[in-house]
1. Any idea of D113's accessible area? Nearest 10 Å², probe 1.4 Å.
2. Per the 1.4 Å probe, what fraction of the accessible area of the chain, in percent, lies on carbon and sulfur atoms?
3. Put +1 on the Cβ of every Lys and Arg and -1 on every Asp and Glu Cβ in the chain; which of F631, T27, C658 then has its Cα farthest towards the positive end of the dipole?
4. Report the label-to-label distance for A24 and D569 in nanometres (one decimal), using points 7 Å from each Cα along the Cα→Cβ vector.
5. For W625, enumerate residues with amide H under 5 Å from its amide H, sequence gap 5+ or separate chain, H modeled in the peptide plane.
6. Please list the equivalent ellipsoid semi-axes of the chain, computed as the square roots of five times the alpha-carbon gyration tensor eigenvalues, in descending order and whole angstrom.
7. Counting only the backbone N, which residues of the stretch 697-741 are under 17 Å from the spot 7 Å out from the Cα of I650 toward its beta-carbon?
8. With every protein chain present, what accessible area does K690 have (1.4 Å probe, heavy atoms only), rounded to the nearest 10 Å²?
Amino acid sequence: MSKLKYVGQSLKRKDGPDKVSGRAVYTQDIKLPGTLIGRVLRSPHPHARILKIDPSKALALPGVKGVITAKDTIGVKHGFVETPRYPADQDVLAIDKVTHVGEEIAAVAAIDDITAQRALELIEVEYEILPGVFDAETAMQPGAPEIRPTHPKVKEDLVNIAGKTETEWGDVEKGFAEADYIREDRFENQLRTHGYLEPQVTLAHWEGDKLNVWTSSMGTFIKRAKLSRTLGLPYSQVRIHKTYVGGTFGGKIDLYSHEYCAARLSMLTGRPVRITANREEIFSAYRHSQTLTIEIKTGVRKDGTILAQRFRIINNAGAHRGSGVVVIFLAWGFIMGPYRIPNLKYEGYAVYTNHTTRAPQRGHGAPKVRFAVESHLDMIAEHLGIDPITIRLKNARGPWEQLPNNDNTHEAGLIDCIKMVSQKSAFLDKWRQARPPADPESPLRRGIGIGVTSYMSGTLIYPNGSGVIVKLNDDGSVIVLTGALDVGQGAETVLCQIVAEELAVGMDDIKLITSDTDTTPQDIGAWISGMTYVTGNATRQAATHAREKILKVASEEMGVPEEDLGIEDKSVFNLHDPQQRMSYAQVFSASVAKHRGDTIIGEGFWRTMRDEPTHPSLATTKGRWTENYAFSAQVAEVEVDIETGEARLIKAYTVHDCGFPVNPGLIKGQVDGQVSMALGQAFMEEVMTKNGYTLNPNWLDYRMPLIHNMAGSEDFEVITEQYRIGQPYRTKEVGEGLVSGVLAGIANAIYDATGVRLTSAPFTPEKILAGLRKLEREKARELA
């Protein structure tokens, strides 16, 4: 690693100059002649039967070029999950009934915004109002209004069950019987939005027999697949173009109805159609994060060793299955990873309600699960008289542990992470049992808390693998073709660093062509935390392939064995006589002349868990999940005003095992961003709803962290892997899992500061004051 020139260095972003200069082109910036404005008609009701839709008045309005309803579709449903067990359950436009406020009913294309809005108002829709249900636990009970039929595999007397995940290992009842202490707790969390600054926007243009689409997304290939299916077009007739993306955080993965509508309207009118969602639409009708209710029962020995656990998790999936059946599967994985659990029983339910359909959000359930588990573990430790560090070290997984699903922890650094974060934060010196009493004249109380997590680094989900092409140019510069999409995480920079290292060329000598379904190889997308591992290894393999060709030609031309050749600065040299060398330009010319026109093109392909036939079962958890687990331990220091209940994060410490850092500067940005998101989840953010209607559909009423809310953030790495030129490597995710430990640490720190144990997020002043008043009443009763 010490000999590497590019990998492992904090090099500037490849996309940085475009973004800071304003040259970056986003979907809204694409201008095509004759573009029409598209708008979507949405349901004003959370649950209603559609009796009639009459668009005739809208079609007759001057300036309206097209109107579509469900009758204009081919009737193909779509969904975040589309498998034999969980077939697609969402129509691109509602057919017979609507199941949430804002569900798409029709769409128009007109010459301007005003005409498009007037056209929407002229579409006549007759509804029969149906009773709605909004709480997941209420929606499960027999007699609740049926939104969609319960999944046929669920045999319990429950309704509106979109899916269930159930698994167990060991003997849970025996584990509880052998336990010295058993504890049960329940945790809840709030509904949050993704907070991407660039709104949902799509431009579609049907030209001849080709559909061209520009859309703000997290993966061009999955968008192509879903648009092709719902439009009835072969993949070759759908092209998704690259544009810059202004934030996603999990909210722009699968197909949205506005993307379909823009495409269908363009096919109908023969003109480009752009649909841009306004912020109120995004808050009121688009997908938000998953919410989980988590019930935990744990049995432990006196020394804190976990013997058995039982989990029951309920997910409010919203009006469609969405990613609900995925999050209840993932929750199991986020439980399994960090700690040894010899006996476990897990049940997770995804429940239909009359809320908007839900989607992944950074961490996809991990922050919620770890908040619950880490708070629960601290409560157990306190009862046993054990400090928070000791109980975690007692149960933390170590290297090369085989997991119940046959995954392996490999070079897991969790134990080192816990030890280092404790030392860096001086945790045990600041913890309540060690620090001096607070000043009775001051309302401010300090506290410290810890949380740990593990997170997957790539898994099998469409399109399952990535391909990369590396091309040498006549002058020795390099072109890289990759389907990878940079959504702000630094994908383009990281892939360039790998190519630069493997081919000994400068970063400025590399040109990237990315994220175009017609011109670049297929890629997994920016949404399963696998880009650096999967696409990165494909890139390394393609560059290695090109380097092998370069060395072979140079060896022939120089009369030197390949093993005696080195590369540097776009040239090949004799290791024993460095003055003897060939430039890459000369090698290129020789290859074309003497190798039948070979222009030195390297190909690389990578698939995580290459020997596994398919992804694991979402219902039973059977099968491999990932081959790379990232581990982390995080500490939060908070300050609480016991007079107002206001709490704030003072400082966060993060120690993470990311394998090795390809670009430490980018990693620092990921860490700080996740600290910010955890801060928002802990103290500020919540989408407020009543009977399916959003009450705070704007940035003024939905509070997110601003610069003055930021906390100090220090991060450190536990290096468990190495990068070696020409060899496959393991690296671990750093873009999602680090929200979790900070959120859990904040909850534990508030308790450390005040004695108030919060079991639901956000941690509002009202909840803290209520907890303080409860403590005062309990103390008064004791004194009485």
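The values are calculated or read from the model by the stated rules, or taken from the named source; none is laboratory data. What you are looking at is a predicted structure, and each value in this text was computed from that prediction instead of being measured. FYI the Cβ positions are ideal-geometry reconstructions off the backbone, even for glycines, and counts take in every protein chain you see. We work out accessible area using only protein heavy atoms, side chains counted, and drop any ligands, DNA or RNA first. Shrake-Rupley method; radii C 1.70, N 1.55, O 1.52, S 1.80 Å.
1. It works out to around 90 Å².
2. Carbon and sulfur atoms account for 51 percent of the accessible area of the chain.
3. The one lying farthest along the dipole's positive direction is T27.
4. Going by the 7 Å Cα→Cβ label model, 3.4 nm.
5. D407
6. Values: eigenvalues 361, 298, 109 Å².
Sorted largest first and rounded, they come to 43, 39, 23 Å.
7. 709-714
8. Counting only protein heavy atoms, the figure is 130 Å².
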